[in-house]
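Just so it is clear, none of the values below were taken in a lab; they were calculated from the coordinates. Note that the structure is a prediction, hence the values are computed from the model and not measured. Note that we place each Cβ from the backbone using ideal geometry, even for glycine, and neighbour counts take in every protein chain shown.
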Amino acid sequence: MNPPGPPAPHPHAAGAPVDPYAPGYTGGPPVGWRPGPAQPGESEAAQPATPGWYPPAWPQQGQPPAPQPPYQEADGVTRVPPGYPDPAWAPGAQAPPTAEDFARRRQARPAEPLATTGVRAVVNRTGLVRLPPGRHEQEMRRDIEMVRRNFGGLRQVTVVNPKGGAGKTVAILLLAMTFGQKRGGYVLAWDNNETQGTLGMRAQQDFHSRTVRDLLRDLGQFQGAHGRVGDLSQYVRSQGEGMFDVLASDESATGGEMLTASAFAELREVVSRFYKLIFVDTGNNVRAQNWQAAMDATDQLVVTMSARNDSAETAARMLDHLEQSGRQRLVRQAVTVVSMPPSRKEIDLPAIQNHFAARTRAVLLAPYERLIDTGEPIRYGQLSSATRDAWLKIAAAVAEGL
């Protein structure tokens, strides 16, 4: 049996090694450190410390430690509370910006617009001042943005009024022109008249005179994945500067049978592959199958009329029919366009506006244009600025419903 060894020294007894990482340690040399022997002529106080460690100064017995200057943060340095090594993780700290924040900031601060039309544009061209657009130009820019926006898929706008001479064909052409000009194409104007329509006559002529009857006969070329946009160009008529195409109805007075609902559906399935926006002109027979089929495929209804009581009353009765056949939503969201005569004498415009404002989403006036009244083909560049601005406003109202 071995004799008991000497008792373990008290943790803080004089001469006992002290762990510098132990609780309660306030300073001093590390465990096992011993000063080396002093060299001749050199005092113990001048003895250098062990390389790699510099002991703090030991206060002399009976003397208080020397006062330390208060701690001051360096300029631009944020003091971090204990336990939070990264300032971004401290309580209440704001997260650093991301690339998405930077991109959103650029979107939120667009360049200041400058006037490009009118007297303000003339002044801006001098370079002396930078004038913003006026009220009229601001409204026009908002309308263009509405027309150009993404509709999220194919959309069909159908123009209706059973009475002849109500401005349906003109509305189809001017809407297609406006959307084609502002959107850069992919617009089709389709004459879905059950007999002889006039859309092809009012549009610009092309190198061919094929109609919807020819396309219907050759639909087999487009079945399945067959058929390209170049193939379809043999049946539609390009409108050049208007930047839209026309699918004309049968222009022969002795044509065959009227189009059926299934024929309309088959034609629409083909043209929908190549266009984003389809404007459908309709005939005068609300009981015709192709008229009813067009209503079923409509996203936005446009009701046209001249500023005459007979034209307005026919349109009102048609709205009654649509409501009675379960198409209340189309009626409530419809846009009404009233074509103005050269003179406002002897027309009851307020009564027309009030009636259709109570039944449809918007009522807009189309100004008189002599070029349109001639019955000749319509060119966008020949229209007056007042007519172009008015139909841009109408197009924006239509686009709002798409």
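Points worth noting:
- Sequence-distant residues sharing a close amide H with N284 (under 5 Å, placed H): E194
- Simple rule: put +1 on each Lys or Arg Cβ and -1 on each Asp or Glu Cβ in the stretch 151-401, find the dipole, and look at G230, T169, L364; the Cα lying farthest toward the positive end is L364.
- Trypsin sites (Lys or Arg not before Pro) restricted to the stretch 230-298 and DSSP loop, no more than 14 other C-beta within 10 Å: R273, R287
- In the stretch 151-401, the DSSP beta bridges split such that about 5 percent are antiparallel, to the nearest 5.
- Low-density loop cleavage sites - trypsin sites (Lys or Arg not before Pro) in the stretch 327-364, where at most 11 other Cβ are within 10 Å (DSSP): R344, K345
- The slack between D218 and R344, meaning 0.36 nm per residue of separation minus the straight C-alpha distance, is 40.5 nm.
- Normalising the average separation of contacting C-alpha pairs (under 8 angstrom, six or more residues apart) by the number of residues puts the relative contact order of the stretch 254-296 at 53 percent.
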